[in-house]
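These notes are about the structure you will find just below.
Values in this text are rule-based calculations from the coordinates and carry no lab data. Note that the structure is predicted; figures quoted are calculated from it, not measured. Virtual Cβ from ideal backbone geometry, glycine too; neighbours counted across all protein chains shown.
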Amino acid sequence: MAGMGEDENYWPRLSDIQRARQRVGDVVAHTPLSLNAPLSERYGAEVWLKREDLQVVRSYKIRGAYNKISSLSPGELERGVVCASAGNHAQGVAFAAMRLGVEATIFMPKPTPQQKIKQVRMHGRDNVRIVLSGDTYDDSCQEALEFCGSGGQSFIHPFDDPLIIEGQGTLGLDILNDARRSVDYLLLPIGGGGLASGVSSVFKAISPETRIIGVEAAGAPSMKRSFEEGRVTTLDEIDTFADGIAVRTPGTMTYRICRKNLDDIIVVPEGRICSTILELYNESAIVVEPAGAASIAALPGLGGAIRGKSVVCVVSGGNNDITRMEEIKERSMLYEGLKHYFMVRFPQRSGALREFLEKALGPDDDITMFQYTKKNSREKGPAIVGVEICSPADFEPLLSRMKANNIAYEYLNDKPDLLTLI
């Protein structure tokens, strides 16, 4: 039966997802399915964006959260609900709790951007209490489950629950209702797999010819790894930059559903996601979070296969903290090969820096960082130098000039442990 998270035989039924659509209809916005001209021209395809960043909580998570909480019994509602989330699920739960008059305790990882924490408070108002705990979603989830066990509240899982999956699946109904032609490719971001499970089940039932592609960030490919291992697999470490899809362990139900429904999973580097965020802002005035840009960032990986095709990318969320933009730009430039860091050992004599500027740098190269401290009387003093170039093709000439002028250096871009200290 839908709603029983422990049912190992659960499979999303179209009728249950249609019922969820009726249940959430008064709360969930009918977000646009928009043809994006710059992307369509770039890839020679019709690239449509499902704009879930325009939901009331700026992500699709309101669908599953409201479907789950509104299905609880009066007694369960009275005891309250608990969830763990890096942000978007928390906002969905907070909004649903406020609308339904339910008390919610929300556990969030300590590194969660302040913008998302403030949004949770805004949507939940007096119905929500926030607890910051752990470094990742998985840490927060463990504490939330322990809290539920002691107080009898209902745990609202972010992805591995039938009612959550069915709620997220309503997005698939919206896409198919609005599509002007058959959808050839559907790209879905994957964290724990709730969205991919629900939406892919709708497409398998109504549009089985659509090729369904899951997309994960390279720093947290838990579903991809699980596919490779043939079982649900927990990653030892993850990069939480794309926090909305940074999950160490996918769901048991969602793994089973995705394994059957998805045609492929593409893993995209965080740097490519950052470049996509900047492109969407500069070209289309769309503000997205890293997880929200993931499906679009996967388009280059499909190559010419999508030329002439109809492609739908789900923009899953727009909760991006403005304070992260410098980091996003930095990651993008490193990925694009436009920014390079060196440890340069300058001779301890006057004119050494001037020679570097005149002989090593090209006419369009720019120093964006210079850190130097003389602490001893050695012949050479190390300095950290950041150089921004106009094109990746300018990198090899820069190295050649440094070598030709006997400039001693160590390249830092391929040393991530050192790079993080800059």
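Of the cross-linked pairs LYS118/LYS329; LYS61/LYS118; LYS204/LYS329; LYS61/LYS224; LYS68/LYS116, those separated by over 27 Å at the C-alpha level are LYS204/LYS329.
For THR368, the residues whose amide H sits under 5 Å from its own are GLY386, VAL387, GLU388, ignoring neighbours fewer than 5 places away on the same chain, with H placed 1.01 Å from N.
3J(HN,Hα) along the stretch 303-313: x, x, 4, 9, 4, x, 9, 9, 10, 10, 10 Hz, from the Karplus curve 6.51 cos²θ - 1.76 cosθ + 1.60 with θ = phi - 60°, whole Hz, x for Gly and Pro. Between exposed GluC sites (Glu not before Pro) in the chain, where DSSP calls loop and at most 12 other Cβ atoms lie within 10 Å, what's the longest gap? With a cap of 12 other Cβ atoms within 10 Å, the longest stretch comes to 9-208. Mean residue ellipticity, 222 nm, helices only, the chain: the sum of -39500 (n - 2.57) across DSSP H runs of n ≥ 4, divided by residue count and rounded to 500, is -12000 deg cm²/dmol. Hull volume per residue, based on the alpha-carbon atoms of the stretch 72-124 and their convex hull, is 59 Å³. Here is the list for the stretch 221-292: trypsin sites (Lys or Arg not before Pro) lying in DSSP coil, each with at most 15 other C-beta atoms within 10 angstrom of its C-beta, are ARG231. Taking every alpha-carbon pair in the chain and binning the separations at 20 Å intervals from zero gives 26, 49, 20, 4 percent.
In the P(r) worked out for the stretch 67-155, what percent of Cα pairs fall beyond 15 Å? Taking all Cα-Cα pairs of the stretch 67-155, the fraction more than 15 Å apart is 52 percent. Rounded to the nearest whole Hz, the Karplus-based 3J(HN,Hα) values (6.51 cos²θ - 1.76 cosθ + 1.60, θ = phi - 60°) of the stretch 228-236 follow the sequence 5, 7, x, 6, 4, 10, 9, 7, 5, with x at glycine and proline. Give me the base-10 log of I(q)/I(0) for the stretch 337-419 at each q in 0.18, 0.24, 0.26 Å⁻¹, Debye formula, one uniform scatterer per Cα, rounded to two decimals. Those come out to -0.75, -1.30, -1.48, one per q. Using the alpha carbons alone, the radius of gyration of the stretch 286-404 stands to its Kirkwood radius in an Rg to Rh ratio of 1.15. Where the centroid of each part is defined by its Cα atoms, how far is the stretch 218-246 from the stretch 315-336 in Å? Spelled out, the Cα-based centre of one part sits 20 Å from the other.
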